[in-house]
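The values are calculated or read from the model by the stated rules, or taken from the named source; none is laboratory data. Treat the numbers as computed from the prediction; the structure is a model and nothing was measured. All Cβ positions, even for glycine, are placed from backbone atoms using ideal geometry, and neighbour counts span all protein chains on display. These accessible areas exclude ligands, DNA and RNA; they are computed on the full protein's heavy atoms, side chains included. Shrake-Rupley method; radii C 1.70, N 1.55, O 1.52, S 1.80 Å.
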Amino acid sequence: MIRRRPLGLAVVLVAATALTLPAPATAAGYPYQDPALPVATRVADLLSRMTLDEKIGQMTQAERGAVTASDVATYRLGSLLSGGGSAPTPNTATGWADMYDGFQRGALATPLAIPMIYGVDAVHGHNNVYGATIFPHNIGLGATRDPALVQRIGQAVAEEISGTGVDWDFAPCLCVARNDRWGRTYESFGETPDLPSAMSTLVTGLQGGTLGGPTSVLATAKHYVGDGGTNGGVDQGNTQLGEADLRAIHLPPFQAAVQRGVGAVMISYSSWNGVKLHGNQYLITTVLKGELGFSGFVVSDWNGIDQIDGSAGFTAAEVSTAINAGIDMVMVPTAWKTFISTLRAEVQNGHVPVSRIDDANRRILTKKFELGLFERPYTDRSWTPTVGNAAHRTLARQAVRESQVLLRNTAGILPLAPDNNKIFVAGKNADNIGNQSGGWTISWQGGSGTVTPGTSVLQGIRAAVGPTTTVTYNQRGTGIDRTYRAAVAVVGETPYAEGQGDRAGSMSLDREDLRTIATLRNAGVPVVVVLISGRPLDIAAELPNWTALLASWLPGTEGGGVADVLFGAYAPTGKLPMTWMNSVSQQPINAGDGQVPLFPQGYGLTY
Ligand code: GLC
C-alpha cells in the first residue's frame, strides 16, 4: 500500500526538499562544475553538497612535508604550503610542478573533486626554487619609487610561480617598518604608509587585473595589521598604539590592496595593545571584512593561532577564538589532523556556528573558482621555462639599478671610469650571491655563498670594465697599494629572516667590515663603500672617512645592476624609503618625529 500523505503536507515536503537538496546534475555534471554559471551560483551549489568534514578540510592548510597526496584526499585538505625553503627533490621548476600535480591529483580523487590551492613565500622572486630570478627585497623596491616597475615584477614572478604549478603567493608584505631593529625591515617598502600603499601594485602584477588569467596567482596582503610597529622592533611583539594612529600608519596599505582586489590577507603574529591579532574579531571582521569590504579569505600565519593564549600549541578555545574572529583558513603545518578534529568538535558543541564555517568556505571557494582552479587544476608547463629566464633577469637588473641610493660622493669619485683604471674590490659581500640576496632565498633564513645562479657585485664590476682596466679582488683588502685609483668595499649584513634578524644592540658594521675598510684607507686609496643590508645601519662615525657610500640594500641575483650605477651606465635615482639614523640611540626614528637623522627619508644623490 502506498502511504499517501495529505496533499498539503506533500506539497510542503516537496518544496522543503527542493530547498535543501542540491539541483540535479546537468550534462556537464553538477552546476558547480559548469564554468558558464556565475561563481556565486557555483559556490552555493558546491557548498550545499559538502559535509562538515569537507568544509573543515577546506579551511585547513598543511605543510607539504607533513602530508601525502593520499592524506590530501582522505582529509579533504583544501590547501598546502611550502614553508621557507621547503622544496621537492630535485629543487627544480619541473620538480616543483611534478610535486604540485601529485598533490593536486590527491585533492581531485575525492567525491566533489575540489582542487587544493598551494601557497609559497615568493617574496622577492620565486625564491624557494633553485635557479629562479631573485629580485631586490621590498626595501630596495621602495627606494625605486616606481610602482609600475613593481607591478611588472609581480607579473614576472607570477609567470615563474605558475610554471611550477603553485597558485598562491604569501606576498606582498605591506608592513610599515617603524623601527629598523626589526628583523623584517627589509620586507617593508617604507616607513610611512604611502610607500607600501603605492607598491600594492604588486598585487595586480601577481593576480592580473582580475583573477583567472593564464598566470594569475592569488596575492596575500600581510601581515594584518601593525606588524612593523612593535615596541623595540621586536618581531611578533606588541604594537602599543591608539586606534587613530594604528589606522593612520598601518591600515592604509591594506586598504590599497583590498581596492586592488587582493585575494587573501594574512594575520600578523604581533599584538595590538596586548591582544594577539589572531584573536582580534574587531580588526579582522569588523574593520577588514566589514569596513574595508575585504571579500577574499583570511589566512593565519604559521602556527599563529598557537600564540593567542601565550602558551605552546593550540587549544579548542584558541581554535574557536581564531575562527570566530574571522580567520577563514588556518596554517597548521604539522598539527593539521588535531586541528580538524578540534574544529569539528567546536562546531558540534556550538562554540563555532556553522554559519561561520560556511562563510569561510564561501570565501575560499570563491577564490578557487575565480582563479580557474576547477577548470585548470594542474601546472601549465608552458610557463615552466620562464623560471630564471633572461627576460626576468633583465627586469631584475633594472630593479637593482633603480633601487641603489647614492648617499655620499665626495670629489665626484663616482661614476668610476670603466677604462684605463685600476680598481681594488674587497668586502665579504662583494662576491657572494647569498649575502646579496638575503633571507628567504632557497632557505628560510638564506645563506652565504653561491646558493643559486646569479651575478655577484664583483662579477658585475668585472663585466663592466674594459680591457685597459685592472680589477683586483681580495675579501679583506690584502694586497692593496697606492697604485690603485679607487677601492670598492662591499660590506654590510649577512642573511637572516624574521626574528632571527632582530638587532636589539649595535647596528654598526661588524669587525671584519671595519677592518677591511681601514686596510683600504690606510693604503691611501679613496674608498667607495657599497652597503649590502636589509636596513639602515649605524655608520655616521665612519662616514667622514668614506669617499662615497652607495646603499644597495639586498639586490638579489642580478648584481650587475650595482655595477651599472658604479660605472655610470645608470645614474642613481633611488631615494631612501627609511630615515637613516645618526645614531642607534635614535631608534625608532621616522620622518616627522622631530629627530635629526644622518639622512632623511627621500634623500638620494645622482650624477
Ligand atoms: C612565516 C611568516 C610569514 C610566512 C609564513 C609561511 O612565519 O611570518 O610571512 O608567509 O610563515 O611561510
Task: Residues of the range 498-557 satisfying the condition of being farther than 30 Å from Leu395 by Cβ, open to solvent by less than 10 Å² (accessible area, probe 1.4 Å) and not β-branched (Val, Ile, Thr) - done: Met507, Asp513, Leu520, Trp546
Task: Members of the range 289-311 that are more than 14 Å from the ligand (Cβ to nearest atom) and out of contact with any Gly (no Cβ under 7 Å at 6 or more places or on another chain) - done: Gly290, Glu291, Leu292, Gly293, Phe294, Ser295, Phe297, Asp309, Gly310, Ser311
Task: Failed item, numbered, when His392 is tested on (1) in the same structural domain as Pro115 (by TED's automatic domain parsing); (2) touching a Gly at 6+ places or on another chain (Cβ under 9 Å); (3) open to solvent by less than 30 Å² (accessible area, probe 1.4 Å); (4) more than 25 Å from Tyr224 (Cβ to Cβ) - done: (1)
- [ ] Tell me, please, whether a residue that is open to solvent by less than 10 Å² (accessible area, probe 1.4 Å), under 15 Å from the mean Cα position of the chain (by Cα) and of a type in the set (Asp, Glu) can be found in the range 189-196.
- [x] no
- [ ] Could you tell me which of the residues Val258, Val262 is at pLDDT 95 or above and either open to solvent by 10 Å² or more (accessible area, probe 1.4 Å) or more than 16 Å from the ligand (Cβ to nearest atom) (or both)?
- [x] Val258
- [ ] Would you check if there is a residue in the range 278-301 being open to solvent by 20 Å² or more (accessible area, probe 1.4 Å), basic (Lys, Arg), in a loop (DSSP other than H, G, I, E, B) and under 25 Å from Leu373 (Cβ atoms)?
- [x] no
Task: Residue list for the range 532-564, filter: in a strand (DSSP E or B) and within 16 Å of Asn435 (Cβ to Cβ) - done: Ile532, Leu550, Ala551, Ser552, Trp553, Glu558
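When you scan the range 72-124, how many residues do you find that are within 15 Å of the ligand (Cβ to nearest atom), open to solvent by less than 10 Å² (accessible area, probe 1.4 Å) and under 29 Å from Pro555 (Cβ atoms)?
Matching residues across the range 72-124 total 8.
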Open item on the list: Looking at the range 216-240 only, could you name the residues that are in contact (Cβ under 8 Å) with a residue 60 or more places away in the chain and open to solvent by 10 Å² or more (accessible area, probe 1.4 Å)?
Closed with: Ser216, Gly232, Val234, Asp235, Gln236
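Only residues that are aliphatic (A, V, I, L, M) and closer than 26 Å to Ala322 by Cβ: list them for the range 41-72, please.
Those that are aliphatic (A, V, I, L, M) and closer than 26 Å to Ala322 by Cβ: Val43, Ala44, Leu46, Leu47, Met50, Leu52, Ile56, Met59, Ala62, Ala66, Val67, Val72.
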TODO: Of all residues in the range 573-607, count the ones that are open to solvent by less than 50 Å² (accessible area, probe 1.4 Å) and touching a strand residue (DSSP E or B) at 6+ places or on another chain (Cβ under 7 Å).
DONE: 9
Open item on the list: Can you go through Gly592, Gly574 and tell me which one is at pLDDT 95 or above, in the same structural domain as Pro536 (by TED's automatic domain parsing) and part of a loop (DSSP other than H, G, I, E, B)?
Closed with: Gly574
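Residues are listed down the side, and each one gets a yes or a no for (1) more than 15 Å from the ligand (Cβ to nearest atom); (2) of a type outside the set (Ser, Thr, Tyr); (3) not in a strand (DSSP E or B):
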| site | (1), (2), (3) |
| --- | --- |
| Glu160 | yes, yes, yes |
| Thr164 | yes, no, yes |
| Ala171 | no, yes, yes |
| Asp180 | yes, yes, yes |
| Gly183 | no, yes, yes |
| Thr192 | yes, no, yes |
| Ser197 | yes, no, yes |
| Thr204 | yes, no, yes |
| Gly209 | yes, yes, yes |
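Report yes if some residue within the range 139-156 is within 16 Å of the ligand (Cβ to nearest atom), open to solvent by less than 10 Å² (accessible area, probe 1.4 Å) and touching a helix residue (DSSP H, G or I) at 6+ places or on another chain (Cβ under 7 Å); otherwise report no.
Step one: of the range 139-156, the residues within 16 Å of the ligand (Cβ to nearest atom) are 139.
So of that shortlist, the ones also open to solvent by less than 10 Å² (accessible area, probe 1.4 Å) come out as 139.
The next check asks that each one be touching a helix residue (DSSP H, G or I) at 6+ places or on another chain (Cβ under 7 Å); those that pass are 139.
There is at least one residue in the range 139-156 that is within 16 Å of the ligand (Cβ to nearest atom), open to solvent by less than 10 Å² (accessible area, probe 1.4 Å) and touching a helix residue (DSSP H, G or I) at 6+ places or on another chain (Cβ under 7 Å).
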TODO: Quick one: Asn127 ticks every box in (1) surrounded by fewer than 23 Cβ atoms within 10 Å (Cβ to Cβ); (2) within 14 Å of the ligand (Cβ to nearest atom) except a single one, so which number is it?
DONE: (1)
- [ ] State whether the residues of the range 131-140 include one that is among the hydroxyl-bearing types (Ser, Thr, Tyr) and more than 17 Å from Ala391 (Cα to Cα).
- [x] no
Open item on the list: Conditions first: (1) over 24 Å from Thr60 (Cα atoms); (2) away from the ligand (no atom under 16 Å from the Cβ). Asp235 passes all but one, so which condition is the exception?
Closed with: (2)
Task: Scan of the range 265-277 for residues that are open to solvent by less than 10 Å² (accessible area, probe 1.4 Å) and not in a strand (DSSP E or B), ordered by number - done: Ser268, Ser270, Leu277
Task: Which listed residue is among the β-branched types (Val, Ile, Thr), at negative phi and crowded, with 23+ Cβ neighbours inside 10 Å, from Ile413, Ile433 - done: Ile433
Open item on the list: Against the condition more than 14 Å from the ligand (Cβ to nearest atom) and either on the phi > 0 side of the Ramachandran plot or not assigned by TED's automatic domain parsing to the domain that holds Gly84 (or both), how does Gly242 come out, does it pass?
Closed with: no
